[in-house]
Every structure is written in structure tokens, then in C-alpha cells.
1. Are any of the residues in the stretch 60-76 at pLDDT 90 or above, of a type in the set (A, V, I, L, M, F, W, C) and assigned to a helix (DSSP H, G or I)?
2. Evaluate the stretch 86-98: report whether one residue or more is modelled with pLDDT of 80 or more and among the charged types (D, E, K, R).
3. All but one of (1) within 30 Å of Cys102 (Cβ to Cβ); (2) out of contact with any Pro (no Cβ under 6 Å at 6 or more places or on another chain); (3) surrounded by 15 or more Cβ atoms within 10 Å (Cβ to Cβ) hold for Lys73; which doesn't?
4. Can you find, within the stretch 2-41, the residue that is surrounded by the fewest Cβ atoms within 10 Å (Cβ to Cβ) among those that are among the polar types (S, T, N, Q) and at pLDDT 90 or above?
Amino acid sequence: MGTAAKKSPEVECRQIAGLVADYLDGILQQRTAELLGRHIDGCHTCVGFVNTYRETIRAIRGLRQIEGPCELKKRLSRQVTGRDVADSATGRSGSPATPTGCPSYRD
């Protein structure tokens, strides 16, 4: 088995998964980036993982942004924050909440 096929003992595949975003963004310390690069170059599994990660980012960036239904926005906000979203006119939370871009319906 050649040197290129050996994995770097300092880096394991599971570590690649946790650092791949920072590695691709170029924000890792130089030594860490070099270790990851050497590991990835010699590991077919990690090459596949990194390539899939890159393609996923490219595909997501190519998606167009769409507006969701107002009721869905309100329900998601309540689930995430545990409270109604702020009313876009007053900035205060209340019921019924009106997410940005949604018409306000008052009885």
C-alpha cells in the first residue's frame, strides 16, 4: 500500500464531517487545513463526502427563494420561538401575529 493510500493518523474520517464546512470556507488554521487535506487526498470515502458536500452547496445556491404561505410562517414561528411573531406594524408580539409580508386580518 502506497503512502497516498494511507490515512493520516492525526485525522479520522469522523473528524472530517465536523470540519468540512470550515475547511471548504478556508477558515481553519493552516496546520488543521493541511492535515485534513492530506487525509482527504488519501481517503476515497472522504473524497466522496467532500465532493457531495460541495455539490449540495452548489445546488442549494442555485435554488430560487419562494415565499411560503402566511399561516405556515406563523405556525413555524410559534414552534421555533414558543411565541407569536412580532406584528410588522407595531413590532410587538400579539395574537394574531402578522409575519413580514403577510396581510393583517383583524376581526
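The values are calculated or read from the model by the stated rules, or taken from the named source; none is laboratory data. Treat the numbers as computed from the prediction; the structure is a model and nothing was measured. As a convention, Cβ positions derive from the backbone with ideal geometry for all residues, glycine included, and neighbour counts pool all protein chains shown.
1. Yes - at least one qualifying residue is present in the stretch 60-76.
2. Within the stretch 86-98, the subset modelled with pLDDT of 80 or more is none.
Checked the stretch 86-98: no residue is modelled with pLDDT of 80 or more and among the charged types (D, E, K, R).
3. (2)
4. Gln30
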